[in-house]
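First up is the structure itself, then whatever we jot down about it.
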Amino acid sequence: MQIGIVGTGLIGGSIGMSLKSQGYEVFGCDSSAEHIEVALRRNAIDRGVSLVEVAKLDLVFVCVSPSLVVPLSQEAYGLKGELSVFTDCGSTKSEIAAWASSKPDFVPGHPMAGHEKSGPSFATNWLFRGAKWILTPNKETSSGALDLVETFVKKMDAIPVRLAPETHDRQIGVLSHLPHVLAALLVESRKSIPSGDISAGSWKDLTRVAGVDPKLWADIMISNRAELANILEAFTANMASVQGLLEANDRKGLEKWLKDIAVAKEKQK
C-alpha cells in the first residue's frame, strides 16, 4: 500500500509521519521545495514526487488550503490510477462535497486536529491521536473507498465520524472558526491598555490560536463565510445582551446568565 500526500505542511506531514512509522511507503507532492526538503528530513515522506505520480498511488490525502482543494483534487482525480482512492483534509466541506458527489473514489474529510504553528517543522506522528476525523460521504461514494479511508484514519489513532457537509460546516463554524475570530479580537483589544504583562492563564488559554498563518486562516474563514457571518451575528446579539446587563447594573441578571452558562457547559461534557 503506497500513500500519497498533496501538501506536506502540518497536516500532510503529520499524516506522513504517522503512516511511515507504521511501515507504509509515503510520497509527497508540494509546490514548496522547502516543505519537501523539511518533510524528507523529518521522515514524513520517502520521496518528493509530481502530482502525476502521486495521483496513481493507492490512497491519496489532499492537504491544502480550502480554496485549493477543488482545483488540485480535480486535476489529481483526472490522473488517478484504476484503484486509487482520494480524500481531503479541508476545513470546510460543502464545496468539496458538492464537487465529489460524482466522484465515487473521493471521500471528503476533515481531521479535527491542528496546531497554532504551521508547516512540516511542527508535524508529529501523534497529532491525530484521539481526535475526531470527520468524513462527509454521499450516496455515490464507493463503500470500498469509504472503508479504506476509515481504516487509515483509525491507523492514525483518530476516530472517524460521518456527517452531512452542511452540518459539519455549521458546527465547525462555532467550534473552530469562531474561536479563532475571538482570539484575534482579544489580542486586538489589548492595544487599548498600557503595555506590560500582568496576564494569567485565562488570557493565554483564550488567545492561544491568535497569530496563526494569516493567509491560511483568511482562506478558511472565506470558505465558510456564510455560516461564520450568521454565527457572528448571533454572537454579537448575545454580547449586546451582556452589555445591557452591565449598563443596567443588573447583578441578578448577570448571576442568572453565568449560572445558565455553567449548566450548559456541564451538559456539553
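Can you tell me which of Leu178, Leu182, Leu206 is over 19 Å from Pro66 (Cβ atoms), in contact with a Phe, Trp or Tyr (Cβ under 9 Å, 6 or more places away or on another chain) and of a type outside the set (Lys, Arg)?
None of the other options fit; the residue is Leu182.
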Restricting attention to the range 223-267, the residues that are within 20 Å of Met112 (Cβ to Cβ) and either assigned to a helix (DSSP H, G or I) or assigned by TED's automatic domain parsing to the domain that holds Val69 (or both) number exactly 5
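Would you tally the residues in the range 186-225 being surrounded by 12 or more Cβ atoms within 10 Å (Cβ to Cβ) and farther than 16 Å from Gly90 by Cα? Lay out the reasoning, then the answer.
Of all residues in the range 186-225, those surrounded by 12 or more Cβ atoms within 10 Å (Cβ to Cβ) come to 186-187, 190, 203, 206-213, 216-225.
Adding the requirement that they be farther than 16 Å from Gly90 by Cα leaves 186-187, 190, 203, 206-212.
Looking only at that region, the number is 11.
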Residues (crowded, with 24+ Cβ neighbours inside 10 Å and assigned to a strand (DSSP E or B)) located in the range 73-106
Phe86, Thr87, Asp88, Phe106
Subset of the range 211-264, residues without any contact (Cβ under 8 Å) to a residue 60 or more places away in the chain and among the small types (Gly, Ala, Ser), comes to Ala218, Ala226, Ala229, Ala234, Ala237, Ala240, Ser241, Gly244, Ala248, Gly253, Ala262, Ala264
When both residues are 6+ apart or on different chains and their Cβ atoms are under 9 Å apart, which pairs have a first residue that lies in the range 19-31 and is farther than 13 Å from Arg42 by Cα and without any contact (Cβ under 8 Å) to a residue 40 or more places away in the chain, and a second that is in a strand (DSSP E or B) and basic (Lys, Arg)?
Glu25/Arg47; Phe27/Arg47
Among the residues of the range 11-45, write down those that are touching a helix residue (DSSP H, G or I) at 6+ places or on another chain (Cβ under 7 Å) and part of a loop (DSSP other than H, G, I, E, B).
Gln22, Asp30, Arg42, Asn43, Ala44, Ile45
Please verify whether Ile159 is out of contact with any Asp or Glu (no Cβ under 8 Å at 6 or more places or on another chain), closer than 30 Å to Pro120 by Cβ and assigned by TED's automatic domain parsing to the domain that holds Ala97, treating the condition exactly as stated.
yes
Checking the structure you have, find out if any residue of the range 180-197 is at pLDDT 90 or above, within 14 Å of the chain's Cα centre (by Cα) and outside the structural domain of Glu95 (by TED's automatic domain parsing).
yes
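Among Leu182, Leu175, which is exposed (fewer than 14 other Cβ atoms within 10 Å of the Cβ), closer than 28 Å to Asn238 by Cβ and of a type outside the set (Gly, Ala, Ser)? Please lay out each step first, then the result.
Values: Leu182 fails: exposed (fewer than 14 other Cβ atoms within 10 Å of the Cβ).
On inspection, the qualifying residue turns out to be Leu175.
Which of the residues belonging to the range 112-127 are surrounded by fewer than 23 Cβ atoms within 10 Å (Cβ to Cβ) and not hydroxyl-bearing (Ser, Thr, Tyr)? Outline the logic, then answer.
Step one: filter the range 112-127 for residues surrounded by fewer than 23 Cβ atoms within 10 Å (Cβ to Cβ), giving 112-119, 121-122, 124-127.
Those that are surrounded by fewer than 23 Cβ atoms within 10 Å (Cβ to Cβ) and not hydroxyl-bearing (Ser, Thr, Tyr): Met112, Ala113, Gly114, His115, Glu116, Lys117, Gly119, Phe122, Asn125, Trp126, Leu127.
The values are calculated or read from the model by the stated rules, or taken from the named source; none is laboratory data. If you're wondering where the values come from, they're calculated on a predicted model, not measured in any experiment. Heads up, the Cβs are rebuilt from the backbone with ideal geometry, glycines too, and the neighbour counts pull from every protein chain shown.
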